[in-house]
Structure formats: C-alpha cells, structure tokens
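The values are calculated or read from the model by the stated rules, or taken from the named source; none is laboratory data. These figures come from a predicted structure and were not determined experimentally. Accessible surface areas use protein heavy atoms only, side chains included; no ligands, DNA or RNA. Shrake-Rupley method; radii C 1.70, N 1.55, O 1.52, S 1.80 Å.
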Amino acid sequence: NFGPQATARYSRAQKFVDNEVLRLSSAYIPIKTSMLQKSGILGTVIGSGRVQWIAPYARPQYYSTSDTRSYDPKRGGHWFERMKADHGKAILSKAKKIGGGSE
C-alpha cells in the first residue's frame with residue numbers, strides 16, 4: 001500500500017511545482033502580446049516535471065535579452081532563474097509538504 005500512496009503524493013507535488021513555475025514565472029516573462037507566456041502553458045504537460053516555453057522566439061528572448069525592461073523592471077530574460085531565486089525555496093517547501101516529506 002505504501003507504493004501507490006507515495007506515487008500519488010509525488011504526483012501531486014510535481015503538479016504543484018509545474019503549476020507554480022508557470023504561474024510565478026509569468027510576472028518575469030517579457031510581454032508584448034502575451035503569446036510567450038501562453039506558449040509555456042501550451043508546451044507543458046502539468047505533472048511531467050518539464051516546463052517548456054515553445055514559442056519560436058522563446059530561446060532568444062530567454063538567453064539574448066536584458067534581464068529587465070523599461071516598462072517593467074521585473075520582466076526580461078532568464079525569467080525562470082530569476083523567479084527561482086525569488087520563490088524557489090517557498091515552492092520546494094510547499095512541495096515537500098504535499099509530498100509528505102519534512103521541511
């Protein structure tokens with residue numbers, strides 16, 4: 001009985017992490033038409049552990065642009081790394097609780 005319960009807890013925790021990465025990263029993604037943000041939702045299977053922004057221009061936006069924008073200093077390149085620096089510990093802490101682990 002332990003195996004199925006552990007698998008279910010892990011699955012819930014992974015879904016939480018994937019959702020939080022998408023939700024919290026959206027404040028850091030450069031925005032013009034919001035299609036870059038939407039490409040993250042379209043390119044991610046929640047619970048898979050792999051979050052992808054699939055717009056053709058996502059890679060250049062991530063690696064080749066400034067980490068800030070004049071219209072919003074929070075938005076810019078390297079959005080996942082910057083979101084993780086700001087929110088990573090909180091995401092992991094909550095995921096551990098969901099997964100049944102200790103903090």
Per DSSP H run of at least 4 residues, take -39500 (n - 2.57); add these up for the chain, divide by its residues and hand me the 222 nm value, nearest 500 deg cm²/dmol. -19000 deg cm²/dmol
Karplus couplings for segment 35-52 from phi (6.51 cos²θ - 1.76 cosθ + 1.60, θ = phi - 60°), rounded to Hz, Gly and Pro as x? 5, 5, 4, 5, 5, x, 5, 5, x, 10, 9, 4, x, 7, x, 10, 9, 10
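Measuring with a 1.4 Å probe in the full set of protein chains, what accessible area per residue, in whole Å², belongs to the chain?
Values: 6620 Å² over 103 residues.
Counting only protein heavy atoms, the per-residue value for the chain is 64 Å².
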Give me the percent of the accessible area of the chain that comes from carbon and sulfur atoms, probe 1.4 Å, all protein chains in place. 57 percent
The chain shape via C-alpha gyration tensor axes, a/c threshold 1.5: prolate
